[in-house]
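Reading through the structure tokens given below for one structure.
The values are calculated or read from the model by the stated rules, or taken from the named source; none is laboratory data. Please read all numbers here as calculations on a predicted model, not as lab measurements. FYI the Cβ positions are ideal-geometry reconstructions off the backbone, even for glycines, and counts take in every protein chain you see.
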Amino acid sequence: MTKWIDITQPLTNDMAHWPGDTPFSFAISATKEQTGSANVGKLTTSVHMGTHVDAAYHFDNDGGTIDQLSVDIYIGKAKVIDVSSYDTISASVLESYDLEGVQRLLLHTSLPNNPKSFPKQLPILDPSIAPYLQLKGIFLLGVDMPSVDPVDSKTLDTHHALEKHGVHILENLMLDHVAFGEYELIALPLKIVGADGSPVRAVIRPLKGGDGHE
């Protein structure tokens, strides 16, 4: 049986967080000795920590919240492609890849997977990718970066362009250990009513031979 590959950032108390956002913290709030029956943990976190999905409400007050999104978006066939040789990923870049029949696209960029350090700069995802992805029938875009927009962006042009063209966003994937190709993807968000996003446990399983590892 082909094994699932975990492409999720581990949630740890020393992981990097978006500047100004709520850091992740896990602690045991009550021990088995204290309760007499069980250890009980508690979380404090932004919903955008680690591997996560954005709901439109994250950047649009009129956008949908995470509990309103279909789980079908985040389960199914996906393709991982290597765009690590490009500083800017545009529609013309994506045109050089075979994306026929792809509905979920995961981009391996030049940004190394390092959850302990928040990057000062990210590879650029040009908003022009949004209409192209829609044209190809792609409705989920996953990236191995904390955002589809630059760290200092206030307009979030690529977020808005993707939403306008029906493309959902999955961020902070761990793809350095993954071979490029076709997979089955599961990356389910929590059903947090009214939330602008959610952490996910993202896993992939190769569809065409190989074990999926580099």
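Restricting attention to segment 10-31, the residues that are of a type in the set (Ser, Thr, Tyr) and either part of a loop (DSSP other than H, G, I, E, B) or touching a residue at least 60 places away in the same chain (Cβ under 8 Å) (or both) add up to 3. When segment 32-89 is limited to residues that are in contact (Cβ under 8 Å) with a residue 24 or more places away in the chain and of a type in the set (D, E, K, R), the one that is surrounded by the fewest Cβ atoms within 10 Å (Cβ to Cβ) turns out to be Asp87. Restricted to segment 90-99, and to residues that are of a type outside the set (S, T, N, Q) and over 13 Å from Gly181 (Cα atoms), which residue is surrounded by the fewest Cβ atoms within 10 Å (Cβ to Cβ)? The residue in question is Glu95. Checked against the criterion of being surrounded by 19 or more Cβ atoms within 10 Å (Cβ to Cβ), modelled with pLDDT of 95 or more, closer than 17 Å to Gly50 by Cα and not hydroxyl-bearing (Ser, Thr, Tyr), segment 150-166 contains not a single residue that satisfies it. Within segment 192-214, residues that are without any contact (Cβ under 8 Å) to a residue 60 or more places away in the chain have Cβ atoms under 8 Å from residues that are exposed (fewer than 15 other Cβ atoms within 10 Å of the Cβ) and not hydroxyl-bearing (Ser, Thr, Tyr) in these pairs: Glu214/Asp176; Glu214/His177, counting only partners at least 6 apart in sequence or on another chain. Whether any residue in segment 176-188 is of a type in the set (A, V, I, L, M, F, W, C), part of a loop (DSSP other than H, G, I, E, B), farther than 15 Å from Ile7 by Cβ and in contact (Cβ under 8 Å) with a residue 12 or more places away in the chain is what I want to check. No, that holds for no residue. Closer than 22 Å to Val200 by Cα, within 15 Å of the chain's Cα centre (by Cα) and surrounded by 12 or more Cβ atoms within 10 Å (Cβ to Cβ): does that describe Pro115? Criteria met by Pro115.
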